[in-house]
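Structure first, commentary second.
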Amino acid sequence: MPNAVEVSGLRKSYGQVHAVRDVGFTVGYGEIVALLGPNGAGKTTTLEILEGFRTRDDGTAEVLGYDPGERSSARELRERTGLVLQDVAVEPYLTVRETIARAAGYYRAPRGVTEVTGLAGLTGLERRKVRSLSGGQKRRLDLALGLIGNPALLYLDEPTTGFDPAARRDAWQLVRGLRAAGMTILLTTHDMDEAQALADRVVLLSGGVVVAAGEPAALGGRDAERTRISFRLPAGCTAADLPVSAHSANSANSANSANGMVVVETGTPTQALHRLTDWAIRRGHVLAGLTVERPSLEDVYLELTRAGAPPAPERIMR
Amino acid sequence: MTTAVAAPRRAGRPAGPPAGSRSNLRLLAHQVRYEQLSFWRNPQSAVFTFIFPVVFVVIMGALFGGIGKSSYFGGLSALQYYVPTIAALSVLGSCYGQLAVALAARRQAGILKRVRATPLPAWAYFAGLLAHCVLVSVIDIALIVVVGRLYGVPFPSHWLAIMLTLVLGAASFCALGVAVASVISNAEAAPAVAQLVLFPLMFISGTYLPIHSALLNGVSGWLPVRPFNEALTGPFAQHAGADWRDLAVLAAWGAVGAVVAVRRFRWDPRPE
């Protein structure tokens, strides 16, 4: 089965500014993919090229089997894609229901106005003027307008920015529901919890190139490497006494003490932990403050997008 | 919010109704309807569009109501002169001025981008705006004629010529309005730029006072406002038919505006 979105070698410059230098990724049908990256990484430009708002300088792009740069396919593509963007707005003097009904009239086979009003959580606000809505309510209206055409592919640009925690949970539920019903979703977010909660795969951009891609749980190899085991060094022991650093310099690649805390970074956490606890029990030590943690998505994100960090092609997992 | 979500349309070629002329017409009617709704809901635009020209005729009537036919007004009474020129001014205001400002503001706010994200074709969006402008102009002219009647200006008799001139003028000034909105990048500057072009043009075209300079009249005869004034004044006051030369100049300006608009119009608030 072909992909809903296929991008490779995408390039776009604005004068001297190379917004997108080499971006390639795919989004399968029915998948949720999140584009992550700092401001200026090229997320918005990439999305806007796919949406047909901008032309590309080089590379290939295919959305639902159409070339978004081709004028002749623009209308068909707009029939079948929905947008929820940061910088779009609607007429302030129409009511919520009128705004949704107006957009519905533009599509060949729209969803029901009442149904979409309910999906977006706007029931009860139908007769309110758009200008009197709160910021969060306006975002939900944007969402309704993205859904009204019953799209096969939905773009969500930072969909929950400005939502309170409960509204954010509701929006996540809605997005999962849409995916369960077969919709393909490409979203951008700065919220790592959101990427972790929603995305089947994430694509991390930095400086206009893809620096990592994969499942959120495995991004940058964080499922395999660098599990951090930290605890307080038992009294009378030094780091040299520990079995992990003593027995296997390979698996325990760093042990440093600060306030008596030591951190063991290991690629084989099961074995390392077993050796450590076995050692402690036999010696009658207590490993105070023992925690085992993997680097969070945010840790990986920050490391991979650090200013000046060169793109690491070996980390790319397509 | 609920999570019960119906399945989206399947991938592959959709089986919707073919886009025929009837569905195009329905789309246009839909667009005009919602343009009207947004316009009438906005008290500011409605008041400016209708109150201003009427107040202008009332003031002119109070100032010059007593002046009968004179050579200063080209052989017309003062109000016979001002009713068609103020009618032309109201069409200019709503088709050129307000349209340019409204489009620049809609672009800046992201409203145009939202429209562009839907399958609504560009022609339908602009045809909806044009239909709106013609409708507003018709109402304006009717109001002005009625107020003029109170000052003794007879109802015009060549309605067909007036309608032809009105539709052509509205279309041309809409095209120029869209063209100006296309070359202005910033919505705050739009009213100033639109007025900067319009005000001197209206002045030398005799909108405010009759111009008796052959040079000015020669120049303004090739610019869009005087031909429109004259094309309306003929069937309004002198009971002549359509003035083809004036209409041709007007149409040529409309074509220039349309070319600029088509080449330069942007939906996106941020430039490429």
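Mind checking which lysines have their Cα closer than 16 Å to the Cα of A:Lys129? Skip sequence neighbours fewer than 8 apart in that chain.
A:Lys138
Only bridges with both residues in the protein assembly as shown count here: give the DSSP antiparallel percent, nearest 5.
On the way: 33 of 52 bridges.
Roughly 65 percent of the beta bridges in the protein assembly as shown run antiparallel, per DSSP.
So what is the 222 nm mean residue ellipticity for chain A from helices alone, if each DSSP H run of at least 4 adds -39500 (n - 2.57) and you divide by all residues, rounding to the nearest 500 deg cm²/dmol?
On the way: 10 runs with 96 residues, N = 318.
Value at 222 nm, helices only: -8500 deg cm²/dmol.
Grab the beta carbon distance between B:Arg149 and B:Arg266, set R0 = 41 Å, and tell me the FRET efficiency rounded to 0.05.
It comes out at approximately 0.40.
Taking chain A as a Gaussian network, where each spring joins two C-alpha atoms under 10 Å apart, which residue of A:Thr268, A:Thr99, A:Thr44 fluctuates the most?
A:Thr268
Report the Rg/Rh value for the protein assembly as shown, based on alpha-carbon coordinates and the Kirkwood definition of Rh. Present the calculation step by step, with values, prior to reporting the outcome.
Numbers: Rg = 32.7 Å, Rh = 28.2 Å.
Over the Cα atoms of the protein assembly as shown, Rg/Rh equals 1.16.
Starting with the fewest neighbours, write out A:Lys43, A:Lys12 ranked by other beta-carbon atoms found within 10 Å of each beta-carbon. If you can, show how the numbers build up before the last one.
Details: A:Lys43 26, A:Lys12 23.
With the sparsest Cβ surroundings first, the list reads A:Lys12, A:Lys43.
Applying a 10 Å radius around every beta-carbon, put A:163-170, A:104-111 in order of their mean neighbour count, most first.
On the way: A:163-170: 14.1, A:104-111: 18.9.
Result, highest mean first: A:104-111, A:163-170.
Have a look at the DSSP beta bridges in chain A and tell me what percent are antiparallel, nearest 5. Working shown, then result.
Details: 32 of 51 bridges.
Just about 65 percent of them are antiparallel.
Can you put B:Val197, B:Val153, B:Val115 in order of Cβ neighbours within 10 angstrom, beginning with the fewest? Don't jump to the answer; show the numbers that get you there.
Numbers: B:Val197 15, B:Val153 25, B:Val115 21.
Taking fewest neighbouring Cβ atoms as first place, the list is B:Val197, B:Val115, B:Val153.
Could you order the peptides A:196-209, A:284-297 from most to least packed, using the average number of other C-beta atoms within 10 Å per residue? Each step should come with its number before you reach the end.
Numbers: A:196-209: 22.5, A:284-297: 14.3.
Descending mean neighbour count gives A:196-209, A:284-297.
How charged is the neighbourhood of A:Asp191? Take every other residue with its Cβ under 13 Å from the Cβ of A:Asp191, and add Lys/Arg as +1 and Asp/Glu as -1.
Numbers: positive: A:Arg168, A:Arg169; negative: A:Asp157, A:Glu158, A:Asp193, A:Glu194, A:Glu298.
Around A:Asp191, the surrounding residues sum to -3.
Ranked by Cβ crowding within 10 angstrom, fewest neighbours first, how are B:Trp253, B:Trp40, B:Trp267 ordered?
On the way: B:Trp253 22, B:Trp40 11, B:Trp267 17.
The order, fewest Cβ neighbours first, is B:Trp40, B:Trp267, B:Trp253.
Based on the alpha carbons, how large is the Rg to Rh ratio for the stretch A:31-178 when Rh follows Kirkwood?
Details: Rg = 15.6 Å, Rh = 16.2 Å.
Computed over Cα atoms, the ratio is 0.96.
Report the Stokes-Einstein translational diffusion coefficient (µm² s⁻¹, integer) for chain B, Rh taken as the Kirkwood radius over Cα pairs, at 4 °C with viscosity 1.567 mPa s. It would help to have the intermediate numbers written out before the result.
Numbers: Rh = 20.1 Å.
D = 64 µm²/s.
For B:Leu135 and B:Tyr72, what does the FRET efficiency come to when R0 = 45 Å and r is the distance between their Cβ atoms, rounded to the nearest 0.05? Let's see the in-between values first.
Numbers: r = 35 Å, r/R0 = 0.78.
It comes to 0.80.
Starting from the Cα of A:Thr114, step 7 Å along the direction of its Cβ; do the same at B:Leu196; then give the gap between the two resulting points in nm.
5.3
Based on the alpha-carbon gyration tensor of the stretch B:131-272, what equivalent-ellipsoid semi-axes (square roots of 5 times the eigenvalues) come out, in whole Å, largest first?
Details: eigenvalues 164, 61, 45 Å².
Working from the Cα gyration tensor, I get semi-axes of 29, 17, 15 Å.
Could you work out, residue by residue across A:97-110, how many beta carbons of other chains sit within 10 Å of that residue's beta carbon, and then give the average as an integer? Spell out each step's value before the answer.
Values: counts 0, 5, 3, 0, 2, 10, 6, 2, 9, 11, 4, 9, 5, 0.
Mean number of neighbouring Cβ atoms from other chains: 5.
Semi-axes of the equivalent ellipsoid of chain A: what are they in whole Å, largest first, if each equals the square root of 5 times a C-alpha gyration tensor eigenvalue? Write out the running numbers ahead of the final one.
Details: eigenvalues 423, 113, 50 Å².
For chain A, the semi-axes come out at 46, 24, 16 Å.
Could you name the lysines whose alpha carbon sits less than 30 Å from that of A:Lys12, not counting residues in the same chain fewer than 8 places away?
A:Lys43, B:Lys113
What is the distance in Å between the Cα centres of the stretch B:173-213 and the stretch A:181-242?
58
Say each of B:Trp222 and A:Arg282 gets a label point 7 Å from the Cα, pointing the same way as Cα to Cβ; how far apart are those two points in nm?
Here the answer is 10.4 nm between the modelled labels.
Within 10 Å of each Cβ in peptide B:28-40, how many partner chain Cβ atoms are there on average? Round it to a whole number, please.
Values: counts 0, 1, 5, 3, 0, 3, 8, 2, 0, 6, 8, 2, 1.
That works out to 3 on average.
Add +1 for every Lys or Arg and -1 for every Asp or Glu among the other residues with Cβ under 13 Å from the Cβ of B:Asn24, and state the total.
On the way: positive: A:Arg75, A:Arg108, B:Arg22, B:Arg26; negative: none.
That works out to +4.
If you count, for each residue, the other Cβ atoms within 10 Å and average over each peptide, how do A:149-162, B:43-56 line up from highest to lowest? Display every interim value, and only then the final one.
Details: A:149-162: 22.7, B:43-56: 14.6.
So the peptides A:149-162, B:43-56, ranked by packing, come out A:149-162, B:43-56.
Counting partner chain Cβ atoms within 10 Å of every residue's Cβ in A:80-90, what's the average? Write down the numbers at each step before the final one.
Values: counts 5, 2, 3, 5, 1, 4, 1, 8, 10, 9, 7.
Going residue by residue through A:80-90 and averaging, the value is 5.
With each pseudo-label sitting 7 Å past Cα toward Cβ, what's the A:Val292-B:Ala252 distance in nm, one decimal?
Using points 7 Å along Cα→Cβ, the separation is 8.6 nm.
To the nearest 500 deg cm²/dmol, what mean residue ellipticity at 222 nm is calculated for chain B from DSSP H runs of n ≥ 4 alone, each contributing -39,500 (n - 2.57), summed and divided by the residues?
Details: 11 runs with 181 residues, N = 272.
Computed mean residue ellipticity for chain B: -22000 deg cm²/dmol.
So what are the three principal axis dimensions of the stretch B:99-147 from its Cα atoms, in whole Å, longest to shortest?
Taking the Cα atoms of the stretch B:99-147, the three principal extents are 44, 20, 10 Å.
Normalised by the residues of the stretch A:95-178, what does the relative contact order come to in percent, with Cα pairs under 8 Å and at least six apart? It would help to have the intermediate numbers written out before the result.
Values: 70 pairs, mean separation 28.5, N = 84.
Result for the stretch A:95-178 is 34 percent.
Hey, could you get me the Stokes-Einstein D for the stretch A:117-232, Kirkwood radius over alpha-carbon pairs, 25 °C and 0.890 mPa s, rounded to whole µm² s⁻¹? Present the calculation step by step, with values, prior to reporting the outcome.
Numbers: Rh = 16.2 Å.
It comes out at roughly 152 µm²/s.
So for chain A, taking the charge dipole from beta-carbon charges (+1 Lys/Arg, -1 Asp/Glu), which of A:Thr184, A:Ala109, A:Phe231 sits furthest toward the positive end?
Checked the options; the winner is A:Ala109.
No value in this document is a laboratory result; all are computed from the given coordinates. Keep in mind that what you see is a predicted model, and the values were worked out from it rather than measured. Counting neighbours? That spans all protein chains shown, and the Cβs are built from the backbone with ideal geometry, glycine included.
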